[in-house]
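Following: one structure in structure tokens, then a few remarks.
The values are calculated or read from the model by the stated rules, or taken from the named source; none is laboratory data. Nothing here was measured: the structure is a model prediction, and the numbers come from that model. FYI the Cβ positions are ideal-geometry reconstructions off the backbone, even for glycines, and counts take in every protein chain you see. The area values use the complete protein model at the heavy-atom level, side chains included, leaving out ligands, DNA and RNA. Shrake-Rupley method; radii C 1.70, N 1.55, O 1.52, S 1.80 Å.
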Amino acid sequence: MLESLRASPPWAPRRVWHEWERERDLRLHRFLNEQLYPFSPFYNRLFKEHRIDPRSIRSVRDLRRLPFTTKDDIAPTAEDPARPLELVLRPTEEAIRRDAPRSMALRLGLEKMRQGTEGLRRRLTLEYQPVHVTFTTGRSAQPTQFFYTSLDMERLHVVGKRLLDLCGLQPGDRALNVFPFAPHLAFWQVYAVGQATTVLIVHTGGGKVMGTAGNIAALERLQPTMLIGVPGYVYHMLRQASEKGVRLRGMRFIALGAERVPPALKVRLVDLCAQMGAPGVLVHGVYGFTEARHAWGECRPPDPETSYGYHTYPDFDVFEVVDPASGEVLGPGERGEIVYTSLHGRGSCVLRYRTGDIVEGGLVYDPCPGCGRIVPRICGAISRRSDIGEFHLTKIRGTFVDLNEFLPVMARIREVVEWQLTVQKRNNDPDDLDELILAVALRAGSSADAVTDMIAAQVQAAMEIRPNRIDVVPLAQLEASLGLDTQLKESRIRDLRGR
Ligand SMILES: [Zn+2]
């Protein structure tokens, strides 16, 4: 039986957090000494260059003595396209002899005596051979590969089971997955949910594969309990289904991943489902990134405006939240950048990886008010580096602006059905000023002047900037420009400067 199909997760009993904390520190010490230091070429070098003895890292607190790993440290370059392979654990004979703890070398020596050199090699190949890969998405850097061994695939299944436990799906429920078929974490995490549980999942491949009409047909025929996908596309699809008069007969959950999910968008989705015959749908955010090789779910929310945060897995991960400028580790509940450390697995493992994602409410260790589970929770809105590629923090007319802020602001204005933001140089002249052009499609019957005035005022209030122009355009034109049916990722915010 798959580990993932066994009963409740190991932290379900009512233990207090500091007991888990001790356990997690032990696991960290072991994982660093038995795997990361001896077998990861990248981290072996890093420890040696900084003259850090891995045996001295005994707790999460001690991690502060280690430097961060950034995207730039591991992304492939023109000179070194195989750079991401440096992160993959490789137990070569030399590495075992040189850097593995003595107890481990002894254990492997005994195994060799019993099974022969070939037998041991076969066993290690089974444990360490990558079998699967996903890629980061980004604009400036080349995609970085992250490898999974069969042990990591097994963990992806365990996580799948935990994600469904968190939502409360039951055996026999059905789900429709509209994430694009791609070598990206989101699709494969959902695939693992289906493999590890007793829920039937239909994977359509999203708008690019089946077109929105095909996805709506699947929605109507399957009548899923849960709909899973990227926020912008799920909204687009449900809105079109609603216009076509599709009725929902069993929908209870929506799970959204790969991008931030503003509360106002959750409200819109709940309202849309209610109009289509499914009142009281719960909308869950799912947070994940390629480098961690799995995702975390948001606890069952009491209403779309409340969130109890994303439940992390203390047996698989260590999270820190740091000051993005100084790198100083922050306390519980403090806003900062999410830093990730693998605590488990083979394949590509990272240590103190800076995600670039900013979380408003930091890390919280109190029991969850929603379900009582005692695990570290990532709380509050997460401004994701991956939301709009590499330029979420961009200089507009000399001031740094977080363009991600447009997402919650635009979701709140109900008269706006779709929107797209373009950053460009005036007159296409690289030396001229930056311009922000906002294109919007409005709900029928709205007054264009009144709504554009309201948008300008709300953007000004939230971000202290004003778009240079707000164009009201037909919905079909905007949908085509967003690429909802033609691209893997919608072009919600386009930066045309430097083209
Ligand atoms: Zn909870």
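Classify the range 150-206 as rounded, prolate or oblate from the Cα gyration tensor: take a ≥ b ≥ c as the square roots of its eigenvalues, call it rounded if a/c is under 1.5, otherwise prolate when a/b beats b/c and oblate if not. Judged from the Cα gyration tensor, the range 150-206 comes out oblate (a/c at least 1.5, b/c at or above a/b).
The modelled label-to-label distance between ARG107 and GLN223, using points 7 Å beyond Cα along the C-beta direction, is 5.2 nm. Dipole of the chain (Lys/Arg Cβ +1, Asp/Glu Cβ -1, origin at the Cα centre): which of ILE493, LEU46, ALA196 lies farthest to the positive side? Result: ALA196, furthest along the dipole toward the positive end. Taking max minus min of the alpha-carbon positions on each principal axis, the range 11-130 gives extents of 45, 43, 30 Å, largest first. Bins of 5 Å, beginning at zero and ending with the bin holding the largest distance: percent of Cα pairs per bin for the range 234-282, please. Taking every Cα pair in the range 234-282, the percentages come to 5, 22, 34, 25, 11, 3.
Between the range 276-313 and the range 333-386, the alpha-carbon centres lie 14 Å apart.
Taking amide H atoms as placed 1.01 Å from N in the peptide plane, the amide H of ASP471 lies under 5 Å from those of LEU438, ALA439, VAL440, each 5 or more residues away in sequence or on another chain.
For the range 146-386, the equivalent ellipsoid derived from the alpha-carbon gyration tensor has semi-axes of 30, 20, 16 Å in decreasing order. Carbon and sulfur: what percent of the chain's accessible surface (1.4 Å probe)? About 52 percent, which is the carbon plus sulfur part of the accessible surface.
Each Lys and Arg adds +1 at its Cβ and each Asp and Glu adds -1 at its Cβ; summed about the Cα centre, the range 11-130 shows a dipole of about 560 debye. Excluding ligands, DNA and RNA, the accessible surface per residue across the chain is 44 Å² with a 1.4 Å probe. Rg/Rh, computed from the Cα trace of the range 149-285 with Rh as the Kirkwood radius, has the value 0.95. Calculated FRET efficiency, GLN458 to GLN240, Cβ-Cβ distance, R0 = 35 Å: about 0.85 to the nearest 0.05.
Look at where the Cα atoms of the range 148-184 and of the range 430-495 average out, and the two centres are 35 Å apart.
For the range 121-248, relative contact order (Cα pairs under 8 Å, six or more residues apart, normalised by length) works out to 22 percent. Based on Cα contacts under 8 Å between residues 6+ apart, the range 120-164 shows a relative contact order of 33 percent. Its relative contact order, with pairs defined as Cα atoms under 8 Å and 6+ residues apart, puts the chain at 13 percent. Taken over the chain, the percentage of Cα pairs per 10 Å bin, counting from 0 up to the bin with the maximum distance, is 4, 18, 28, 26, 16, 7, 2, 0, 0. Normalised by 2.2 N^0.38 Å, where N counts its residues, the alpha-carbon radius of gyration of the range 393-495 equals 1.06. Considering only LEU151, VAL281, LEU238, the residue lying farthest towards the positive end of the dipole of the range 146-386 is LEU238, judged by Cα position with unit charges set on Cβ. With the charge dipole of the chain set up from +1 on Lys and Arg Cβ and -1 on Asp and Glu Cβ about the Cα centre, the Cα lying farthest toward the positive end among the listed residues ILE338, LEU185, PHE31 is that of PHE31. The alpha-carbon atoms of the range 201-275, seen along their principal axes, cover 29, 25, 22 angstrom, with the largest extent given first. Starting from the range 302-344, pick out the GluC sites (Glu not before Pro) whose DSSP state is loop and whose Cβ has at most 13 other Cβ atoms within 10 Å. Within the range 302-344, the qualifying GluC sites (Glu not before Pro) (loop, at most 13 other Cβ atoms within 10 Å) are GLU305, GLU328. Building the convex hull from the alpha-carbon atoms of the range 80-211 and averaging its projection over directions returns 12.1 nm².
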